[in-house]
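Worksheet: one structure, shown below.
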Amino acid sequence: MPLACLLKANFDPGIKLTQKADGWFLTLTRDPAWSTEQPRKLVTSELLGKAVIPDLPFENPDGSPVKIDTDYFGKKRDSNNPFPGPFENSSAGSLTIKVW
């Protein structure tokens, strides 16, 4: 299945990175279409194919295949249709996450 993107030219996610006393926070607005309008697969070695220059598959440091089945915070991804981006959170609206 070829990879496709979901382009919403009129949607502004309002991305902001803010430093507060207790760390850095990422704020963005999620469009409900992100979770429903474009099906996705988990990122795996098979999906990635081979790196161009060495002509070798993507793999973990121990040589095992890559399977990105958790998000930035370690939350399990939906294996049937993972939410796009680093955070597995399919609800719409504003989201603020402490990233550091």
* Total charge dipole magnitude, the chain, about the Cα centre, Cβ charges on Lys, Arg, Asp, Glu only, Debye to nearest 20 -> 260 debye
* Estimated FRET transfer efficiency when R0 is 41 angstrom, pair Asp62-Asn10 (beta carbons, to 0.05) -> 0.40
* Structure fact -> PRE zone check, label point 7 Å out along Cα-to-Cβ of Thr18, amide N under 17 Å, scope the range 70-100, hits 93-100
* To do: As a check on your grasp of the helix formula, calculate [θ] at 222 nm for the chain: sum -39500 (n - 2.57) over DSSP H runs of n ≥ 4, divide by the residue count, round to the nearest 500.
  => -1000 deg cm²/dmol
* PRE reach from Lys98 (point 7 Å along Cα→Cβ): which of the range 12-48 fall under 15 Å by backbone N? -> 18-27
* To do: Quick one: grab Rg to one decimal and Dmax as a whole number for the chain, Cα atoms only, in Å.
  => 16.0, 46
* Structure fact -> Whole-Hz Karplus couplings 3J(HN,Hα) for the range 36-45, θ = phi - 60° and coefficients 6.51, -1.76, 1.60, Gly and Pro as x, run 10, 7, 9, x, 9, 10, 4, 7, 9, 4
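Bear in mind these aren't lab numbers, they're just calculated from the coordinates by the rules spelled out. What you see is a predicted model, and the numbers here were worked out from it, not measured in a lab. Positions of Cβ are generated from backbone atoms using ideal geometry, with glycine treated the same way; all protein chains shown enter the neighbour counts.
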